[in-house]
Amino acid sequence: YYTALKAVESKAFSAEKMQTARLATEGKCLTNDQIRGIAGTFSFEDQTLEFVLYAYDLASEKSTYYTLEDVFKFMSS
């Protein structure tokens, strides 16, 4: 996880961050905290939402996935 997080954080552009996040997490099983950590690296709300939606299938804690709402700055997201 930490290797993936550092790889995502090292990217300057949001499109690169998203591509790296998807590649680094593909086929993995992630906790909500791990998803929260990676989602928190995105500067734009729409990309945070895109990653959180993508990561749902990878989540090991689907019953508490709603707790990820705190990664969003705007309630409308």
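The values are calculated or read from the model by the stated rules, or taken from the named source; none is laboratory data. As the structure is a prediction and not an experimental result, all values here were calculated from the model. Don't worry about glycine lacking a Cβ; one is built from the backbone with ideal geometry, like all the others, and counts go over all protein chains shown. Each accessible area value is taken on the protein alone, full model and side chains, heavy atoms only, with ligands, DNA and RNA left out. Shrake-Rupley method; radii C 1.70, N 1.55, O 1.52, S 1.80 Å.
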Fill in the blank from the handout: Conditions (1) touching a Lys or Arg at 6+ places or on another chain (Cβ under 9 Å); (2) assigned to a helix (DSSP H, G or I) -> T41 fails only (2)
Handout entry: First in the stretch 3-22 and touching a residue at least 40 places away in the same chain (Cβ under 8 Å) and within 15 Å of R36 (Cα to Cα), second anywhere and open to solvent by 80 Å² or more (accessible area, probe 1.4 Å) and in a helix (DSSP H, G or I), Cβ under 7 Å, 6 or more apart
Key = none
Handout entry: Top-ranked residue in the stretch 32-45 [being open to solvent by 30 Å² or more (accessible area, probe 1.4 Å) and of a type in the set (S, T, N, Q); ranked as farthest from K6 (Cα to Cα)]
Key = S43
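Each row is one residue, and each column tells you yes or no for (1) among the aliphatic types (A, V, I, L, M); (2) open to solvent by 70 Å² or more (accessible area, probe 1.4 Å).
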{"residue": "L5", "(1), (2)": "yes, no"}
{"residue": "A12", "(1), (2)": "yes, yes"}
{"residue": "T25", "(1), (2)": "no, no"}
{"residue": "L30", "(1), (2)": "yes, no"}
{"residue": "Q47", "(1), (2)": "no, no"}
{"residue": "A59", "(1), (2)": "yes, no"}
{"residue": "K62", "(1), (2)": "no, yes"}
{"residue": "Y65", "(1), (2)": "no, no"}
{"residue": "E69", "(1), (2)": "no, yes"}
